[in-house]
């Protein structure tokens, strides 16, 4: 707002030159490195999605051969899941905010933090290489024995790339857990932690416990391709369903790696833009942990038609329903937080509202897919595609963008342009629903996923979906443009443009290299807006 | 803050983002334990797959198991356990800050670890000679045993002992790093958590073997 608040020295101008970035151990700079890297991966994944939606405008498979189409949806899934969604909120916002929110100078292991960025970079480059060299056509799920025996594409390259990126995720999770346990400022007890930290902590538990399992699974897949051992190959006595168990043991909880930190963002946004403490703070905090724990017990719901026993399917179905309980607790508590709040419709809040609506749709359709009878009908149809895009894109990406707008002033010291930003939130919300709602219908009436051609009666809904995708693309490019614009022309933000309570707002924007000029002492609950003086935002 | 920064200058091994040595040491050790948890999950995946396959193809696995040399395996187990003992002595020496005995015990640990890898290599070579390595040349001739099931056993055998050996090699690298560090006087009674944490890792890799040995060599052995 005014130049007086602009600190003379901060982490961005503390040092210049490419080396000061590539060899930095400052968690804030590493957060920005992650931002650049995953934005790059996001646009690559988006390019594959564009090709997919172009192909599906017409019923005939006229743009791509079926082989190329297989590679397109595979690479779209791999890029988006492993190289964008999983690192998105934790590696960008979490990296930047976890030390600030606990009142520390850095994460517990700054060098390992930098290492984990390089691991994501190297893993991404190896995967990109396997794209350029000819692509992968197994689907992002690498189901055996197709991936191990029959596919003649670059499975090993992609598996190794994902394995390396997995270690990036493990190290990030490890760093968060140790930091939250050991580096909290004086007075910052567990129940004074912002909910963003609780949810990142829960996600970190999944990263640490789940990722090694998919790592060893991919090692076995690669070994099986190279050495022709038969652990997952039925022709050699192996068990392909075993692969599915091991893969989903990680990859279902991985959905919660994506969505838990996003829920943490939403808790922060709802609270600050309704000027109220989060309703039922402890319930929301423990709901995060409960989702992390239950999340490990539900992987079998991906395998209802894979020949698992009816009894285990029943148990997995029941447990999957149980995950809905803590998820619903969160949605109800956010709604209750709004009640009688002093609500302001700033951009981050619009994204938060978008998250709640779309996540609720994604969550409720998750109950359809968790129900044994219905799942048999909708397995491998567009219903499932729509369901998980509502969670991952409608949920995680909305919250990620909401968080980026909310903390942008802290990261850069500048405000984004409010009008354009509100427009982007609206465009994304509309574009998203137009893209993916028709896919629920398509799946329910029987259009299977992963085909490049389809019967003509599905065309109207597919054209709607492709039209929505182009609107969605505009919505994603808009923030790119005005964020860059704001770096130079945005208003100076001042330390606390939102009048928020978190520790990260008590230091300057952008923060100094060591975050705080004096180590803060915490004496209050988080979100204690009643104790703050009346008044709204500076910006 | 000025107070804090001057204390940074006084404590040579304290990284600037920690408040004091105790916090740094606790964080490092907590981080190592967490990392070992991830390792348990990593090996846990293969152990689980092994048990599933073993239940499905019990006779083949039992027959394959009988083709492992239990005497060599037992000797190797003893070698590895001895290396764990010398590691304990190295950690103890580090805690009391005796530079020469740290180096001595670390080198001993490295030697025992290398001996383990050497013996393991000998066993692998032996299987290669006997055409017990999975692949087109695999040969397994016993009445009433499907060769493919025995081959699956050997697939697991090589995958599991191979992953374990990879961890041993990484451990050997860490030991060399610690020997160099201790040689340069970098390990003292006040600052020895690197040796302690390498010790934790080394013991963990030993414990993995303590599970591998009975699973692969001992259970349902006929002779």
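The values are calculated or read from the model by the stated rules, or taken from the named source; none is laboratory data. This one's a predicted model, so the numbers in the text were calculated from it and none came from an experiment. Note: ideal-geometry Cβ built from the backbone for every residue, glycine included; neighbour counts use all protein chains shown.
If I ask for residues that are surrounded by fewer than 18 Cβ atoms within 10 Å (Cβ to Cβ) and part of a helix (DSSP H, G or I), which ones from segment B:9-24 would you list?
The answer is B:9, B:10, B:21, B:22, B:23.
Across segment A:228-249, which residue is surrounded by the fewest Cβ atoms within 10 Å (Cβ to Cβ) among those that are more than 7 Å from chain B (Cβ to nearest Cβ) and either modelled with pLDDT under 90 or part of a loop (DSSP other than H, G, I, E, B) (or both)?
This residue is A:235.
Go through A:496, A:515, A:433, A:462 for me and flag whichever is more than 24 Å from the chain's Cα centre (by Cα) and outside any loop (DSSP other than H, G, I, E, B).
Details: A:496 fails: outside any loop (DSSP other than H, G, I, E, B); A:515 fails: outside any loop (DSSP other than H, G, I, E, B); A:433 fails: more than 24 Å from the chain's Cα centre (by Cα).
None of the other options fit; the residue is A:462.
I want to confirm something. Restricting to segment A:436-459 and keeping residues that are under 26 Å from the mean Cα position of the chain (by Cα) and buried (at least 21 other Cβ atoms within 10 Å of the Cβ), which single residue is farthest from residue A:138 (Cα to Cα)? Steps first, answer last, please.
First, pick out the residues of segment A:436-459 that are under 26 Å from the mean Cα position of the chain (by Cα): A:436-443, A:448-450.
Restricting the remaining residues to those that are buried (at least 21 other Cβ atoms within 10 Å of the Cβ) gives A:436, A:438-440, A:442-443.
On the way: A:436: 23, A:438: 26, A:439: 22, A:440: 24, A:442: 23, A:443: 21 Å.
This residue is A:438.
Within segment A:104-136, restricting attention to residues that are crowded, with 23+ Cβ neighbours inside 10 Å and over 20 Å from the mean Cα position of the chain (by Cα), which residue is farthest from the other protein chains (Cβ to nearest Cβ)? Talk me through it step by step, then tell me what you get.
Going residue by residue through segment A:104-136, those that are crowded, with 23+ Cβ neighbours inside 10 Å are A:104, A:106-108, A:113, A:116-117, A:120, A:123-124, A:127, A:136.
Right, trim to over 20 Å from the mean Cα position of the chain (by Cα) and you get A:104, A:106-108, A:136.
On the way: A:104: 7, A:106: 4, A:107: 8, A:108: 5, A:136: 22 Å.
If we take residues in segment A:104-136 being crowded, with 23+ Cβ neighbours inside 10 Å and over 20 Å from the mean Cα position of the chain (by Cα), then A:136 is farthest from the other protein chains (Cβ to nearest Cβ).
Report every pair of residues separated by at least 6 positions or lying on different chains whose Cβ atoms are under 7 Å apart, first residue within segment A:498-526 and at positive phi and more than 14 Å from chain B (Cβ to nearest Cβ), second at pLDDT 90 or above and assigned to a loop (DSSP other than H, G, I, E, B).
Within 7 Å, no pair qualifies.
Conditions (1) within 12 Å of chain A (Cβ to nearest Cβ); (2) modelled with pLDDT of 95 or more, marked per residue:
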| position | (1), (2) |
| --- | --- |
| B:3 | yes, no |
| B:12 | no, no |
| B:33 | yes, yes |
| B:42 | yes, yes |
| B:47 | yes, yes |
| B:56 | yes, no |
| B:66 | no, no |
| B:73 | no, yes |
| B:83 | no, yes |
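Working carefully through the options A:376, A:397, find the one that is out of contact with any helix residue (DSSP H, G or I) (no Cβ under 9 Å at 6 or more places or on another chain) and farther than 25 Å from residue A:67 by Cα. Show your work before the answer.
On the way: A:397 fails: out of contact with any helix residue (DSSP H, G or I) (no Cβ under 9 Å at 6 or more places or on another chain).
From the options A:376, A:397, the qualifying one is A:376.
Residues A:273, A:249: which one is out of contact with any strand residue (DSSP E or B) (no Cβ under 8 Å at 6 or more places or on another chain) and under 26 Å from residue A:347 (Cβ atoms)?
On the way: A:249 fails: under 26 Å from residue A:347 (Cβ atoms).
Answer to the selection: A:273.
Based on this model, can you work out whether residue A:347 counts as more than 18 Å from the chain's Cα centre (by Cα) and crowded, with 20+ Cβ neighbours inside 10 Å?
yes
Return yes when residue A:206 is in a loop (DSSP other than H, G, I, E, B) and within 12 Å of chain B (Cβ to nearest Cβ) and no when it is not.
Answer is no for this residue.
Can we say residue A:99 is surrounded by fewer than 23 Cβ atoms within 10 Å (Cβ to Cβ) and within 14 Å of chain B (Cβ to nearest Cβ)? Let's see the steps before the verdict.
Details: surrounded by fewer than 23 Cβ atoms within 10 Å (Cβ to Cβ): no; within 14 Å of chain B (Cβ to nearest Cβ): yes.
Spelling it out, it is not the case that residue A:99 is surrounded by fewer than 23 Cβ atoms within 10 Å (Cβ to Cβ) and within 14 Å of chain B (Cβ to nearest Cβ).
Can you name the condition, by its number, that residue A:181 falls short on among (1) within 14 Å of another protein chain (Cβ to nearest Cβ); (2) within 28 Å of residue A:92 (Cβ to Cβ); (3) touching a residue at least 12 places away in the same chain (Cβ under 8 Å)?
(3)
Go through segment A:282-309 and give me each residue that's out of contact with any helix residue (DSSP H, G or I) (no Cβ under 7 Å at 6 or more places or on another chain) and outside any loop (DSSP other than H, G, I, E, B).
A:286, A:293
Identify all residues within segment A:194-203 that are over 19 Å from residue A:298 (Cβ atoms) and assigned to a helix (DSSP H, G or I); write none if there are none.
Hits for segment A:194-203 are A:195, A:196, A:197, A:198, A:200, A:201.
Is there a residue in segment A:377-391 that is assigned to a helix (DSSP H, G or I), touching a strand residue (DSSP E or B) at 6+ places or on another chain (Cβ under 8 Å) and within 22 Å of residue A:41 (Cα to Cα)?
no
If you check residue A:221 against the conditions, is it at the interface with another protein chain (Cβ under 9 Å from one of its Cβ atoms) and either assigned to a loop (DSSP other than H, G, I, E, B) or under 24 Å from residue A:257 (Cβ atoms) (or both)?
Answer is no for this residue.
Consider residue B:119 against the criteria (1) within 26 Å of residue A:223 (Cα to Cα); (2) modelled with pLDDT under 95: it satisfies all of them except one. Which criterion is unmet?
(2)
Quick check, is residue A:323 modelled with pLDDT of 95 or more, within 28 Å of residue A:293 (Cα to Cα), under 21 Å from the mean Cα position of the chain (by Cα) and outside any loop (DSSP other than H, G, I, E, B)?
Taking the combined requirement at face value, the residue does not satisfy it.
Determine if segment A:528-535 includes at least one residue that is more than 17 Å from residue A:414 (Cβ to Cβ) and touching a helix residue (DSSP H, G or I) at 6+ places or on another chain (Cβ under 6 Å).
no
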